[in-house]
Amino acid sequence: MIHYSTSIYPPNIKWEIKTEPVYRLLNKVEYINNFFETGEIMVSCFSKFKEYKDEMQGDKDEGEALAWYMDSQGNVEAVKYASGINAFILSTAKTLNDRVKSDFKAKGAIKINNSTLFGYELCKQLPFVSSGVEGVCDYTDSRVRHINTDLSRKDKSGIFDFRNDSDYSRMILQQSTKGFELFNKLKKYSHQEEYRFIWFSENQITDSIKITCPNAIKYCEKIVF
């Protein structure tokens, strides 16, 4: 069945996007049944990802990156930073190949037919969340990123410097990296074809949370292997 995401734009133009399903793989049929009975689902975070001992399930460097810039005189500025400390995260896959099933010891999956409306419903059940983002992960050789930033721009504290931990410097860094680190993964994970949901909270997130979201069920189908 083909699924569409629909929006209405002024002046009353209906626009539809053909959507592709994504899959939340789970290692117990019980978890799948719980979701389709009550809407119960576990949402995680980068801190938990770093704790997983299985390399294919976790990543100790999730959300971290190194950004660098070279000015016209050849001077290099660089900063190692972390992002997503205030984010709830749900990992799904765009494929159900044998390798990804094995990585997660999957017994089945929640097939999410409309990712945007599914994510929106979960957003309403997560504490202190007012925004979010979803999309495919980017698989690269490293977490190093070259950015273009005008280092001559100034704020009240002086010239912008990666090493300056001011609100202005953090804002420029965020604008320049465009959330690269939130979706960046190394190529060794590329067979997983991860599609990631990220919800931003007002608070720092250090643990997983179990929520109940029955309104999300209608966007999903049950798959048991």
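Taking a point 7 Å from the Cα of Asn27 along the Cα-to-Cβ direction, the residues of the stretch 93-107 with backbone N closer than 17 Å to it are 93, 99-107. Across the stretch 83-116, the residues whose backbone nitrogen lies under 19 Å from the label position 7 Å along the beta-carbon direction of Glu40 are 107-111.
Laboratory data are not the source of any read-out in this text; all were calculated from the coordinates shown. Quick caveat: nothing in here was measured; it's all calculated off a predicted structure. Note that each Cβ is placed from the backbone with ideal geometry, even for glycine, and that neighbours are counted across all protein chains shown.
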